[in-house]
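One structure is given below, encoded as structure tokens.
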6 protein chains.
Amino acid sequence: MKPTPNSRELAPLLAFGAHPDDIEFACGGVVARETRAGRTAHFVVCSGGEAASHGSPEQRAIEAEKSAKILGATLEFLVLDGDARLEMRAEHAMKLARIIRVVRPGIILAPSLVENQHPDHPKLGRLVRDAARLARYGGVEELREHAAHAIDLLLHYAVTDEAEPKDMTPLLIDISGGEVMALWTAAMAAHASQSATRDYQQLQLTRAKLHGLKAGVEYSIPLFSSDPIVLDSLVQLGRGARSF
Amino acid sequence: MKPTPNSRELAPLLAFGAHPDDIEFACGGVVARETRAGRTAHFVVCSGGEAASHGSPEQRAIEAEKSAKILGATLEFLVLDGDARLEMRAEHAMKLARIIRVVRPGIILAPSLVENQHPDHPKLGRLVRDAARLARYGGVEELREHAAHAIDLLLHYAVTDEAEPKDMTPLLIDISGGEVMALWTAAMAAHASQSATRDYQQLQLTRAKLHGLKAGVEYSIPLFSSDPIVLDSLVQLGRGARSF
Amino acid sequence: MKPTPNSRELAPLLAFGAHPDDIEFACGGVVARETRAGRTAHFVVCSGGEAASHGSPEQRAIEAEKSAKILGATLEFLVLDGDARLEMRAEHAMKLARIIRVVRPGIILAPSLVENQHPDHPKLGRLVRDAARLARYGGVEELREHAAHAIDLLLHYAVTDEAEPKDMTPLLIDISGGEVMALWTAAMAAHASQSATRDYQQLQLTRAKLHGLKAGVEYSIPLFSSDPIVLDSLVQLGRGARSF
Amino acid sequence: MKPTPNSRELAPLLAFGAHPDDIEFACGGVVARETRAGRTAHFVVCSGGEAASHGSPEQRAIEAEKSAKILGATLEFLVLDGDARLEMRAEHAMKLARIIRVVRPGIILAPSLVENQHPDHPKLGRLVRDAARLARYGGVEELREHAAHAIDLLLHYAVTDEAEPKDMTPLLIDISGGEVMALWTAAMAAHASQSATRDYQQLQLTRAKLHGLKAGVEYSIPLFSSDPIVLDSLVQLGRGARSF
Amino acid sequence: MKPTPNSRELAPLLAFGAHPDDIEFACGGVVARETRAGRTAHFVVCSGGEAASHGSPEQRAIEAEKSAKILGATLEFLVLDGDARLEMRAEHAMKLARIIRVVRPGIILAPSLVENQHPDHPKLGRLVRDAARLARYGGVEELREHAAHAIDLLLHYAVTDEAEPKDMTPLLIDISGGEVMALWTAAMAAHASQSATRDYQQLQLTRAKLHGLKAGVEYSIPLFSSDPIVLDSLVQLGRGARSF
Amino acid sequence: MKPTPNSRELAPLLAFGAHPDDIEFACGGVVARETRAGRTAHFVVCSGGEAASHGSPEQRAIEAEKSAKILGATLEFLVLDGDARLEMRAEHAMKLARIIRVVRPGIILAPSLVENQHPDHPKLGRLVRDAARLARYGGVEELREHAAHAIDLLLHYAVTDEAEPKDMTPLLIDISGGEVMALWTAAMAAHASQSATRDYQQLQLTRAKLHGLKAGVEYSIPLFSSDPIVLDSLVQLGRGARSF
């Protein structure tokens, strides 16, 4: 009944982003690591990023496609209320749930729920969390077309330092190693329009360096589970980060 | 430099308890699961349990030996200040660190740090946490006899429901399955002197049942890491508990 | 000016649920205890439960009526946005406030505000909390038909373990004793359509057993007040739960 | 087995203070209310207050005796490490546990555990909490002289605003009414040596006024239980504070 | 690039309130202090206060104008969903962001985000927080008319004691001194219709007295920043409040 | 009565460290900034750092002297229980309070109280916090030699990322600018014996870079006040950090 480790390894990764570059900047390294290991990955971007100071939606769509490709992921746009206009609507959660039933992922990546960040981020995080529940309820009318699906794990990513939740144990994913770092850096660089004014890329690499130093590796990216994690044995666990 | 998964699997499990029955009641099922899988386990009990309403220290030592044996673990007593008298002393942490250097475990189990429980529990939890640091510092005079040792992970167990930390993501270890449950129940029953007045065993089985229901398995035991967990890949992770 | 203990005892209990079985599963034992003691109880169910994997709305309405009757409560349906579709709308709070003014309860029971549960639960909890304020504001146009009403206490219930708030002192209501437990169990069993797939009933009885063990009684159910509790004297207080 | 409401009403109140005026300033109004209602009260003061800027220990002992008498309480001094010198020692908890076994109280009052206040306060709060456990353990050698005793409830008081715990539901005790307020004010005034430099009395009355405004009464004092509260029925509960 | 201290001193203060009297009651003293020091202040009131038990919207508008004038501030009404009907809508945040771009303030004052208060308060607080972000994003269509503007600091005020956030360091603004206190008191008194039933004014003065006692001054008002505060040097900092 | 801004600017800075390099690594940049601005600074190092994997106490004392000198600070050693052996003793707090009375600082810097770091750090942080209270109590026998002294502000520093408190608003001190950064880097490099094995310096520069990116400056260091901060006006405040 419960998925065997093997089926879990093969289950696709599904990542949701509020803007065209969120997934890549926040956790592109993790995606690269997983796709390199043979997992398929799919990105769902929920706005055209039209409220940004730079870059037209058309330009950003091209950049997003290019960036996802570098990471080995496919990408679709699912526009909800528009950039900087996202609201908590039940119908949004339904649309996200529908995608979950279609993609049938093992792990979902979504923005963290920390409130004090871009308003679209925690809202999308909550909508995805709710959608992951709806996807496994049998009686939802709009979702009947696709069979119910229960995911293995919902992991939250943080687009900035402040968006890292304070009351969850971080899972630090080791992304060290030339290929993964090179892919991540290239994926961020693909969002050329966003690199003009502020150095998001520098922020992310500095964060990954800091998390890497804590983890005793070169670079790492933190993810957060708001649900308890079920393990068959302690052997599954990695190490604790306590290098200083 | 960092331990390979293989070496980690083989590294012994080291569990610390403030009283002769704490380890078994709080997480005996996890120990059974690990020893069944081929890992060695060693228990360090830090008082004779002489303040309990029932059972002499002699009787309790015999029960503890028997119980550890059922779980496949070895056991030693390391008396510090005595039952219900434990104090935060640096020399205690040194003694615990010395044992860590001798046993050289991958994973350590220790009581949770939640304050509102038997006063010895959070104190021992803190002492073990400090000891795990001391064990890897090269310059500590009293520890020079044994080579410095860095553990993989310190996991906290909760002797009661209230002792479960509220700001850490629980790791629910699946202990379902006849053999492990039978061994755990037998290990608890081996503490015969403690079963006269209150039903600790019923408490633990009820807790494990509740955590099992959440995890979508029959029985499970929660453990807690106060350090971030370092993972090489998402494949290592299990499932999230969200069955209701 | 402040209600005498006597008037408070007689004031009705008003319970809100997002789905037809929420009140009964989460705190049916408390309701039974209060109605046995002579208090009237009224349930307001805010969706037909149509998103559940099993049971048609018609079937569930019949089950809910039967279950409420067993507990000695009356029941009404107040459909808002529909099951799994609830949104935070001011007009919903107005509708709930209107019912509060009509029923004029002393104590209100509503779902907890913990976010990580069925999305309808914390939303309804917030709406009820807001409604309890609106019910005592004199100037609200839509509510003018009924005199303003200030409740004594809003208590939150938790449908699952995870829904128990972590930063409020639990109030453990002792529901031990044959009649109350029998009524609660029968009320849960009355929701026959919901018992096919998952064992909600077993979850609730295991939770009540665990809370009972902590409280030093057979079974108990936790409730949570987000407001401070005003007492005339310490004599009103019960005991603290610290049995282990 | 569990104490009947009647026996609980008659059980004495036992209050612990780190300095000669702590109990009176923090919760003298509650003590007056209880003794007026026929309950006996006993104060244990754990230092001579010799580190204060004003007042000799001899003077302060006289003031404390006078103040306790006004509130209807008896008083004893139990000097531990001295004022501003209190340490967490197991032998202190043993001494406090011995007094608990002798007085056999229903309710204990002790300082809150909030760290950022006078260093003696949270330490005494922790020692009392531990002592309340030791008092009911049957096997503690030093306590054998007196029968084990389980209290009903440990309530923490806050000497200042900052000492009020943030993660517990406050219990606001209504102390309005001429006699109780007059007794409390007189009890604070009895600590004449402490009134010269800073207006502690004004602080306490301002706090009680503020808590009263919240509670919808004239004056109230907050107390905090770190254990869940066990209730036989909702009738025992008072009102929620939500006056604004 | 970063504003010089001088330009910051001159930047206007912009305060948002959900009801006609919220700003004045919660932090009128701070506004008076700033306008006395030569800063301009502007109030935006987001409902007519029509749900209050007393006072018509027309009456309240006159009172609000009068009160703002006493504090040296200008005032505008921006009606969103109406009193007790506020909802989290992206278009509201846009409207607030437009005002921010027009007024171009250094510091913004907005209600705290604590949930358990009048439902309009935390909603407006969140909308203002989001608006302060939108105001500096270059690409937002509706805001194109006015140049993007980045504020220096968003500070939250608390209308009641319970609305003070628990996980932020309070900034206690000293408002002692005859003129400021007299202006604040007069500004509160100007809301004559709201003084009939409950003593809000007494609540606020009691709170300010208590915060003053903590700060070692006569009266002070707490404000809260949810963002870290950037300082050029420690000389900018005041004192810590630790008078008892 | 309250110190004028002018006297506060001139008051010395007093920093406490558990080991010879803690102050410099955690907040050397802040010290450099303050001494460059004309403030005197004094370091108190509470162990010889003899438990470190590298560097003899003699060597480390020389390095510490050199490092303090680079930052413009004087330094003294006050050995308490020894490195990795610090205990919470009242007599330690007395010794620290005596130094506070002698140095008479405006601002004190001490390690953060976060538990999960080197065991000596939070213990020293607590001892310093207690000492700052003792220093202003008039009646403490051992301290009579020196006049009582009340500091302006106690600020906590974090030696690592994990040691940053989660429930206090960070104060980000801008340390950008060639001279300060050069002095800080040189001060860290002066601890040559500690640079062999782990890159503490890289950790600190990465942290300061990350905090700088958040603050919109090049480099910044976070400090934390556990007491509310008293301000005469909002003009004293800097900007909020919200650059992404």
Identify the single condition in (1) within 14 Å of chain C (Cβ to nearest Cβ); (2) assigned to a helix (DSSP H, G or I); (3) in contact (Cβ under 8 Å) with a residue 12 or more places away in the chain that D:Trp184 does not satisfy, given that it satisfies every other one. (1)
What is the one condition in (1) under 18 Å from the mean Cα position of the chain (by Cα); (2) modelled with pLDDT of 95 or more that E:Ser226 does not satisfy? (2)
For the list (1) polar (S, T, N, Q); (2) out of contact with any Phe, Trp or Tyr (no Cβ under 9 Å at 6 or more places or on another chain); (3) within 11 Å of chain D (Cβ to nearest Cβ), I need the number of the one condition that C:Ser193 fails. (3)
So, first residue over 20 Å from B:His118 (Cα atoms) in the stretch B:160-172, second residue surrounded by fewer than 24 Cβ atoms within 10 Å (Cβ to Cβ) and aromatic (Phe, Trp, Tyr), Cβ within less than 9 Å, six or more apart or across chains; the pairs are B:Met168/B:Phe224; B:Thr169/A:Phe224; B:Thr169/B:Phe224; B:Pro170/B:Phe224; B:Leu171/B:Phe224
From (1) within 24 Å of B:Leu71 (Cβ to Cβ); (2) basic (Lys, Arg); (3) more than 7 Å from every other protein chain (Cβ to nearest Cβ), pick out the condition that doesn't hold for B:Arg207. (3)
Of B:Val79, B:Val128, B:Val114, the only residue that is among the β-branched types (Val, Ile, Thr) and in contact with a Lys or Arg (Cβ under 9 Å, 6 or more places away or on another chain) is B:Val114
The condition of being touching a residue at least 60 places away in the same chain (Cβ under 8 Å), more than 17 Å from E:Tyr157 (Cβ to Cβ) and either surrounded by fewer than 24 Cβ atoms within 10 Å (Cβ to Cβ) or aromatic (Phe, Trp, Tyr) (or both) holds, among E:Arg104, E:Arg85, only for E:Arg104
So B:Ala215, is it surrounded by 21 or more Cβ atoms within 10 Å (Cβ to Cβ), more than 17 Å from the chain's Cα centre (by Cα) and within 8 Å of chain A (Cβ to nearest Cβ): yes
Kindly indicate whether any position in the stretch C:194-203 is out of contact with any His (no Cβ under 8 Å at 6 or more places or on another chain), touching a residue at least 24 places away in the same chain (Cβ under 8 Å), farther than 30 Å from D:Met168 by Cα and not in a helix (DSSP H, G or I). no
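Each row is one residue, and each column tells you yes or no for (1) among the small types (Gly, Ala, Ser); (2) out of contact with any strand residue (DSSP E or B) (no Cβ under 8 Å at 6 or more places or on another chain); (3) assigned to a helix (DSSP H, G or I).
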| residue | (1), (2), (3) |
| --- | --- |
| B:Pro20 | no, no, no |
| B:Cys27 | no, no, yes |
| B:Arg33 | no, no, yes |
| B:Gly49 | yes, yes, no |
| B:His54 | no, yes, no |
| B:Glu58 | no, yes, yes |
| B:Glu63 | no, yes, yes |
| B:Leu75 | no, no, no |
| B:Leu86 | no, yes, no |
Go through the stretch E:38-47 and give me each residue that's closer than 13 Å to E:Leu80 by Cβ and out of contact with any strand residue (DSSP E or B) (no Cβ under 7 Å at 6 or more places or on another chain). E:Ser47
Determine if the stretch E:89-104 includes at least one residue that is outside any helix (DSSP H, G or I) and more than 23 Å from A:Pro122 (Cα to Cα). yes
Filtering the stretch F:152-181 down to residues that are part of a loop (DSSP other than H, G, I, E, B) and more than 8 Å from every other protein chain (Cβ to nearest Cβ) yields F:Ala158, F:Glu164, F:Pro165, F:Ile175, F:Ser176, F:Gly177
Scanning the stretch E:63-76 for residues that are under 12 Å from E:His42 (Cβ atoms) and of a type in the set (A, V, I, L, M, F, W, C) gives E:Ala68, E:Leu71, E:Ala73, E:Leu75
Quick one: is B:Gly29 of a type in the set (Gly, Ala, Ser) and either at the interface with another protein chain (Cβ under 9 Å from one of its Cβ atoms) or without any contact (Cβ under 8 Å) to a residue 24 or more places away in the chain (or both)? no
Can you name every residue in the stretch D:1-24 that is surrounded by fewer than 24 Cβ atoms within 10 Å (Cβ to Cβ) and at pLDDT 95 or above? D:Pro12, D:Leu13
Just to be sure, is B:Gly28 of a type outside the set (A, V, I, L, M, F, W, C), over 26 Å from B:Gly138 (Cα atoms) and under 14 Å from the mean Cα position of the chain (by Cα)? yes
Does E:Gly55 fit the bill of being modelled with pLDDT under 95 and either more than 17 Å from the chain's Cα centre (by Cα) or under 30 Å from F:Asp232 (Cα atoms) (or both)? yes
Need pairs with beta-carbon distance below 8 Å; first residue within 19 Å of F:Gln117 (Cβ to Cβ) and within the stretch B:133-149, second of a type in the set (Ser, Thr, Tyr) and modelled with pLDDT of 95 or more; sequence gap 6+ or separate chains. none
All positions within the stretch E:223-238 that are at the interface with another protein chain (Cβ under 7 Å from one of its Cβ atoms) and of a type outside the set (Ser, Thr, Tyr): E:Asp227, E:Pro228, E:Ile229, E:Val230, E:Leu231, E:Asp232, E:Leu234, E:Val235, E:Gln236, E:Leu237, E:Gly238
Members of the stretch D:111-139 that are surrounded by fewer than 24 Cβ atoms within 10 Å (Cβ to Cβ) and in a loop (DSSP other than H, G, I, E, B): D:Leu113, D:Val114, D:Glu115, D:Asn116, D:Gln117, D:Arg136, D:Tyr137, D:Gly138, D:Gly139
Within the stretch A:37-48, is even one residue at pLDDT below 95 and surrounded by fewer than 20 Cβ atoms within 10 Å (Cβ to Cβ)? yes
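The values are calculated or read from the model by the stated rules, or taken from the named source; none is laboratory data. Since we're looking at a predicted model, the values are computed, not measured. No Cβ is skipped: glycine too gets one built from the backbone with ideal geometry, and neighbour counts run over all protein chains shown.
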